[in-house]
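Colleague: Pasting a structure here, questions to come.
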Amino acid sequence: MSGLSKILEQKIPKWREEALSLIHEKGDAVISEATVSHAYAGMRGIKGLICDTSSVSPEKGLIIRGKPLLDIKHILPEEVFFLLISGEMPSKEDLEDLQNQISQNNTVPEYVWDVLRAMPPDSHPMTMLDISILALQGESNFKTKYSEGIRKQDQWKSYLEDGISLIAKIPTLAAGIYRMRYGKGDPIMPDASLDLGANYGYMLGLSDSDERIKELMRLYLTLHCDHEGGNASTFTSLVVSSTLSDVYYSVSAGLNALAGPLHGRANQECLRFVLEIRSHFDSDPTKEELSEFCKNWLKQGKVIPGYGHAVLRCPDPRFIGLMEFGKEYIQDDSIFHIVKVLFEVVPDVLIAQGKAKNPWPNVDAVSGSLLYHFGLTEFNYYTVPFSVSRALGLVAQTVLNRALVLPLIRPKSITAEWIRNSVDPETH
Ligand code: HAX
């Protein structure tokens, strides 16, 4: 049994006991209220889910197992996965053990490449990624164990096995999809000597003489890994896995939500926006020019991609982490320059407009500019690296929900007629 499994074997009974005693002691305590407005507004802010991997503080952003993101931005993506799922950093041996498991599972079966080759050449890379994950579903160990009859308490073990196998394959798939979709040649096979993030950078096949792409991909995968349980992609995954659909179905479903322009696809839209700004101006735009541009953009009824957030009320620490990387390595890049000046002007423009609750940048405001600089210029690909990273959190959370043996997720919906007839406007 691996180091990670052993640690989970020890911790899970305690976590179950803790959950039971919290229900016993505080089960009837009210933690949230739901109003008619909430029902019409995406249930925003209603506390109704358990997620121990991470939390998002409106004022501080992502906190992973009690550690603010920027304090751990240097750790490897496999370390962050270990931390998310177990609550502790891996020892050297545990990390090596996890990396060995990843190396043993990172090859993609030929039939999956065949499925991808059969797709229309102009398919969106996110469609290709989601289909390739679904194509792998037949590999699920959980699916087999379930049909043989597995105890509820043990289901998390085959979820974990499937999850590690999937996490290992996603960078190979994602890089192969990049190469196929944009005519860069055959997929490049993983290099067993490289860690997860570096391997992804390597398999993209871009020129990387100074190893900067590998460094960027490590950082990128660590920063985007998780964002508590209620965001659209994670919530979708958790709903699907609560039906005991396996990890392949659940992760693919979650990533379909990430593909939306208000969610992960905002990074694609953001780069498109920045390129439009670059082609609009003859030279580097000034703050005043950019401010005017953004005001006109809003007047056309469009959103400024990369700004605003459903929960955050501060500059996203993921944005800050990637900005620091950009300032260190690509300070003079013209696209990065526009991203920096946008950070100086957009919050004031949004505040003056008075609609957005959060005028600050989210992670998508900068991530594309870094990928673009290092040669990944095909920006409708950008939600794919986000997905490679987010799969870490989706797997961690779905395994933990099985470990706690949480039931089917099934909130109650209401009709407009019920609100008209049954809700007393005086009720507070
Ligand atoms: N530009 C213009 N208007 C904005 C805005 C922005 N960046 N952000 C919010 N608003 C507007 C909303 O469209 C909404 O307008 P209406 O009342 O006319 O519908 C109003 O401000 C209130 O919205 P909000 O409560 O502040 O924001 P929401 O929680 O509804 O939405 C979004 C959060 C992230 C979807 C929103 O800020 C947005 O559309 N931002 C641009 C797209 C983006 O960057 N998405 C990525 C988010 C991070 C993420 O999930 N990555 O995966």
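Colleague: State whether one or more residues within the range 88-96 are open to solvent by 10 Å² or more (accessible area, probe 1.4 Å), within 17 Å of Leu221 (Cβ to Cβ) and assigned to a helix (DSSP H, G or I).
Modeller: yes
Colleague: Which of (1) closer than 30 Å to Asp154 by Cβ; (2) without any contact (Cβ under 8 Å) to a residue 12 or more places away in the chain does Ile7 not meet, given it meets every other one?
Modeller: All conditions pass for Ile7, except number (2).
Colleague: Pairs, please: C-beta under 6 Å, at least 6 apart or cross-chain, first residue within 10 Å of Lys287 (Cβ to Cβ) and in the range 339-350, second open to solvent by 10 Å² or more (accessible area, probe 1.4 Å) and of a type outside the set (Lys, Arg)?
Modeller: Val345/Ser291
Colleague: Could you list, in sequence order, all residues of the range 333-383 that are of a type in the set (Asp, Glu) and either out of contact with any Ser or Thr (no Cβ under 8 Å at 6 or more places or on another chain) or within 14 Å of the ligand (Cβ to nearest atom) (or both)?
Modeller: Answer for the range 333-383, where residues must be of a type in the set (Asp, Glu) and either out of contact with any Ser or Thr (no Cβ under 8 Å at 6 or more places or on another chain) or within 14 Å of the ligand (Cβ to nearest atom) (or both): Glu344, Asp348, Asp364, Glu378.
Colleague: Go through the range 58-67 and give me each residue that's within 17 Å of the chain's Cα centre (by Cα) and either touching a residue at least 24 places away in the same chain (Cβ under 8 Å) or open to solvent by less than 30 Å² (accessible area, probe 1.4 Å) (or both).
Modeller: Gly61, Leu62, Ile64
Colleague: If I go through the range 138-160 residue by residue, how many of them are open to solvent by 80 Å² or more (accessible area, probe 1.4 Å) and either hydroxyl-bearing (Ser, Thr, Tyr) or at pLDDT below 95 (or both)?
Modeller: Total meeting the criteria: 2.
Colleague: Tally the residues that are surrounded by fewer than 20 Cβ atoms within 10 Å (Cβ to Cβ) and of a type in the set (A, V, I, L, M, F, W, C), restricting the search to the range 353-370. Full working, then the answer.
Modeller: Here is the first cut: in the range 353-370, the ones surrounded by fewer than 20 Cβ atoms within 10 Å (Cβ to Cβ) are 353-358.
Filter once more, so that each one left must be of a type in the set (A, V, I, L, M, F, W, C): 356.
Count: 1.
Colleague: When you go through Ile31, Ile46, Ile23 one by one, which is the residue that is in contact with a helix residue (DSSP H, G or I) (Cβ under 6 Å, 6 or more places away or on another chain) and either more than 25 Å from Phe319 (Cα to Cα) or modelled with pLDDT under 95 (or both)? Please lay out each step first, then the result.
Modeller: Details: Ile31 fails: in contact with a helix residue (DSSP H, G or I) (Cβ under 6 Å, 6 or more places away or on another chain); Ile23 fails: in contact with a helix residue (DSSP H, G or I) (Cβ under 6 Å, 6 or more places away or on another chain).
Exactly one of Ile31, Ile46, Ile23 is in contact with a helix residue (DSSP H, G or I) (Cβ under 6 Å, 6 or more places away or on another chain) and either more than 25 Å from Phe319 (Cα to Cα) or modelled with pLDDT under 95 (or both), namely Ile46.
Colleague: Can you name the condition, by its number, that Glu25 falls short on among (1) part of a helix (DSSP H, G or I); (2) surrounded by 12 or more Cβ atoms within 10 Å (Cβ to Cβ); (3) free of Cβ contacts under 8 Å to residues at least 24 places away in the same chain?
Modeller: (2)
Colleague: Residue check: is Glu33 farther than 15 Å from Val399 by Cβ and assigned to a loop (DSSP other than H, G, I, E, B)?
Modeller: Yes; evaluated as a whole, the condition is true for this residue.
The values are calculated or read from the model by the stated rules, or taken from the named source; none is laboratory data. As the structure is a prediction and not an experimental result, all values here were calculated from the model. So basically every Cβ, Gly included, is an ideal-geometry build from the backbone, and we count neighbours across all protein chains shown. For accessibility, only protein heavy atoms count, side chains too; no ligands or nucleic acids. Shrake-Rupley method; radii C 1.70, N 1.55, O 1.52, S 1.80 Å.
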